[in-house]
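The values are calculated or read from the model by the stated rules, or taken from the named source; none is laboratory data. Please read all numbers here as calculations on a predicted model, not as lab measurements. With ideal geometry, Cβ positions are generated from the backbone for all residues, glycine too; neighbour counts draw on all protein chains shown.
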Amino acid sequence: MPSSFFSDLMSSIADRGRPVLARPPAAESGPVSAADVIAVARDLVSRRGEASGVARAREIFADWDRLDKTAKRDFLIALANDFGPDARRLDSAIQQWREQRTPAALQELHAAAEPKRQEVIRRLNLAPRGTSKLVRMREELFEHQKKQPVLDVLDEDFTHLFS
């Protein structure tokens, strides 16, 4: 019962966030590509705000469901390749840590080293039924992982966040 309440609450938040995003629900829009879904993922991690974030996460899952296998693979590869740590911030944090081994420098190093794709996954998890949808997304990743070793880093992110 509590999870149903929570799911309904998150769904309501997503519905209320949709007008802010000015994009019709997936069922009303045309074809979608991996690049389209990646663009929404970029927007997801660049915004703050519960309603817009949940609405974007819900939109990503709706678009994901409409992708064919090749486009899903392309989305996963782009997530692995393009959503890593901010290299400049990481270089700066490494330098700061070398100069001053303080708790603040260590915290910045830790934060700088975290790939943006982990934040994408965290925010996707906020969508209604997000965890089960992420599990299915990871199952899709497994199907492509042998031929696309770059997906190993994304699988590690899923493993980290699921644990």
**Request:** Answer yes or no as to whether residue 58 is of a type in the set (Lys, Arg), part of a helix (DSSP H, G or I) and within 15 Å of residue 148 (Cβ to Cβ).
**Result:** no
**Complete:** Across region 137-153, the tally of residues that are closer than 13 Å to residue 80 by Cα and among the charged types (D, E, K, R) stands at 2
**Asked** Which numbered condition trips up residue 100, out of (1) under 30 Å from residue 30 (Cβ atoms); (2) surrounded by fewer than 17 Cβ atoms within 10 Å (Cβ to Cβ)?
**Response** (1)
**Request:** List every residue pair whose Cβ atoms lie under 8 Å apart, where the two residues are 6 or more positions apart in sequence or sit on different chains, the first residue falls within region 37-59 and is among the basic types (Lys, Arg), and the second residue, located anywhere, is part of a helix (DSSP H, G or I) and modelled with pLDDT of 90 or more.
**Result:** 47/56; 56/40; 56/43; 56/44; 56/123
**Message:** So, in region 126-163, exactly how many residues are in contact (Cβ under 8 Å) with a residue 40 or more places away in the chain and among the polar types (S, T, N, Q)?
**Reply:** 1
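Here's the yes/no breakdown for (1) outside any helix (DSSP H, G or I); (2) modelled with pLDDT of 95 or more; (3) not aliphatic (A, V, I, L, M):
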| site | (1), (2), (3) |
| --- | --- |
| 14 | no, no, no |
| 19 | no, no, yes |
| 45 | no, no, no |
| 54 | no, no, no |
| 80 | no, yes, no |
| 90 | no, yes, no |
**Message:** I'd like to know if region 126-138 contains one or more residues that are surrounded by fewer than 17 Cβ atoms within 10 Å (Cβ to Cβ), within 16 Å of the chain's Cα centre (by Cα) and assigned to a loop (DSSP other than H, G, I, E, B).
**Reply:** yes
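Only one residue in 87, 80, 105 is surrounded by fewer than 13 Cβ atoms within 10 Å (Cβ to Cβ) and hydrophobic (A, V, I, L, M, F, W, C), so which one is that? Spell out how you get there, then give the answer.
Values: 80 fails: surrounded by fewer than 13 Cβ atoms within 10 Å (Cβ to Cβ); 105 fails: surrounded by fewer than 13 Cβ atoms within 10 Å (Cβ to Cβ).
Step by step, each of 87, 80, 105 is checked, and only 87 is surrounded by fewer than 13 Cβ atoms within 10 Å (Cβ to Cβ) and hydrophobic (A, V, I, L, M, F, W, C).
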